[in-house]
1. Which residues make up the longest stretch of the chain clear of trypsin sites (Lys or Arg not before Pro) that lie in a DSSP loop with no more than 16 other Cβ atoms within 10 Å, not counting the sites?
2. Relative to 2.2 N^0.38 Å, what does the C-alpha radius of gyration of the chain come to as a ratio? Two decimals please.
3. When the Karplus curve 6.51 cos²θ - 1.76 cosθ + 1.60 is applied with θ = phi - 60°, which whole-Hz ³J(HN,Hα) does each residue of segment 39-56 get, with x for Gly and Pro?
Amino acid sequence: MKTATKSPATGKARFIKSIVATARETNTQMPWERGATRMASIARRRAALQAHLRSA
């Protein structure tokens, strides 16, 4: 009895195609593209660090 099996290359090619398609559709902003939001976050972290260092 013969069973139909997919070759590993076929599954891998389909997987790669799906990854490439998802990457094309996704528009995630990188940290250096966020501008004011990023600077505000950095300022909050620095203020928290300064407060922690002063109280220590």
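Laboratory data are not the source of any read-out in this text; all were calculated from the coordinates shown. Note that the structure is a prediction, hence the values are computed from the model and not measured. Quick reminder, even Gly has a Cβ in these numbers, built from the backbone with ideal geometry, and neighbours come from all protein chains shown.
1. Details: sites that count: Lys2, Lys6, Arg34.
Excluding the exposed sites themselves, the longest stretch runs over 7-33.
2. Values: Rg = 24.1 Å, N = 56, 2.2 N^0.38 = 10.2 Å.
The value comes to 2.37.
3. So the Karplus estimates, Gly and Pro as x, are 5, 5, 5, 5, 4, 4, 5, 5, 5, 5, 5, 4, 4, 5, 5, 5, 7, 7 Hz.
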